[in-house]
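Notes to accompany the following structure.
The values are calculated or read from the model by the stated rules, or taken from the named source; none is laboratory data. Computed from a predicted model, the values in this text were never measured in an experiment. Here Cβ is always computed from backbone atoms with ideal geometry, including for glycine, and neighbour counts include all displayed protein chains.
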Amino acid sequence: MEETVEKNSFTHKELAATCFNKVWDLLELENRSPSQSEEMVHLCHSSFWHWTKVENHTPRNLSIGYWQLSRVYAVIGQGATALDYAGKCIQISLKAELEPFYIAYAYEASSRAYAKLNQPTESLAAKTKAIEYTNLVKVEESKGWLLKDLETI
């Protein structure tokens, strides 16, 4: 029985990572078809669900999953859903006291969602919080990713 649980957890972990990476492939497409957008949503939810089935998943895993869900919904123009997932990302990231990198990305997601909802004041406030946390990131490459993504909002 133990062996089955470990095997299932490993399978869930593999599936979560595979779906996550396929979402990125679709996110990077410049001209995504409606069916590719739908596939991206399904893959993103699948990735998140599989992470929840990994026995030793962490708040960081969930934060990343919520962030990706928020990004996907923002990209397909569903700002309200993007904002909902960004809020969940912020909540879990702060509660778990994750590293500034993850908290910064949580606020980046919120800023992007507010921008999709044409709420510039709220978007700027979330972006400002994201920048505050970005300034606390010690790894320059990671800080660079954050700043690059923040520039696209």
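Here are the numbers for this structure:
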item: Criterion: crowded, with 18+ Cβ neighbours inside 10 Å and of a type in the set (D, E, K, R) - qualifying residue of Glu108, Glu132, Glu141, Glu122; result: Glu108
item: Spans of helices (runs of 4 or more DSSP H) in the range 19-116 with at least 2 residues closer than 28 Å to Thr128 by Cα and touching a Cys at 6+ places or on another chain (Cβ under 8 Å); result: 59-75, 100-116
item: Extreme residue, modelled with the lowest pLDDT, among residues of the range 1-25 that are in contact with a Leu (Cβ under 7 Å, 6 or more places away or on another chain) and among the hydrophobic types (A, V, I, L, M, F, W, C); result: Cys19
item: Residue pairs meeting the criteria (Cβ under 8 Å; at least 6 apart or on separate chains; first farther than 19 Å from Thr58 by Cα, in the range 16-30; second not in a helix (DSSP H, G or I)); result: Leu26/Arg32
item: Number of the condition not met by Lys53 [criteria: (1) among the basic types (Lys, Arg); (2) in the same structural domain as Asn21 (by TED's automatic domain parsing); (3) without any contact (Cβ under 8 Å) to a residue 40 or more places away in the chain]; result: (3)
item: Any hit, the range 115-132, residues being in contact with a Pro (Cβ under 7 Å, 6 or more places away or on another chain), more than 27 Å from Ser37 (Cα to Cα), free of Cβ contacts under 8 Å to residues at least 40 places away in the same chain and not basic (Lys, Arg); result: no
